[in-house]
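Data first, discussion second: the structure below is written as C-alpha cells.
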Amino acid sequence: MNTKYPKANGALFKNRDKKSDNHPDVRGVLEVSEDQLRMLIAMAKAGVELKMQLAGWNRRAQSGQRYMRLESEAYMPEQRSAARKTPPAAGADDDPFGDDDIADDPFDENDIPF
C-alpha cells in the first residue's frame, strides 16, 4: 500500500452472534479519516470508480482474543498512479485531480459532516 494516500484503520473480530451460515464470520469497524474522506469525494467528483485497497494483519488482543487489524486506502488505477508521479508545475494548487471547475458538481464542502 502506498504511503502517499490517507489511510483508514479498523479491526475484524469473530462474530459471537453468529447463529446461522448466513451470518458473517467476522464483524468490525473501519474508521475513515477526514483526509481519506476528502480524497474519496475528490475521486467521485473526477468520475473515478471508488475502490478501496485493503490490508490485514492477524493480531491477538491483550484479552487473548484473536482479531484482524485492517488498513485501507483509496485504490488508484495504474494510469492514475503513473500520472501522479509527475512533479507538479510551479505554483500548482493542492487539487490532485484538477477538478475545481467540474460543472454540475454533486458534492461540496457541506457533504463532509465535520
Accessible area, probe 1.4 Å, largest first, for residues Y5, Y75, Y67 = Y75, Y67, Y5
Put E73, E49 in order of accessible area, largest first, probe 1.4 Å, and you get E49, E73
For L30, solvent-accessible area (1.4 Å; no DNA, RNA or ligand), Å² | 70
Region 1-72, relative contact order in percent, only Cα pairs under 8 angstrom and at least six apart counted | 38
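The values are calculated or read from the model by the stated rules, or taken from the named source; none is laboratory data. The structure presented is a predicted model; accordingly, all values stated were derived computationally and were not measured. Side chains are part of the model used for accessible areas, which takes the heavy atoms of the whole protein and leaves out ligands, DNA and RNA. Shrake-Rupley method; radii C 1.70, N 1.55, O 1.52, S 1.80 Å.
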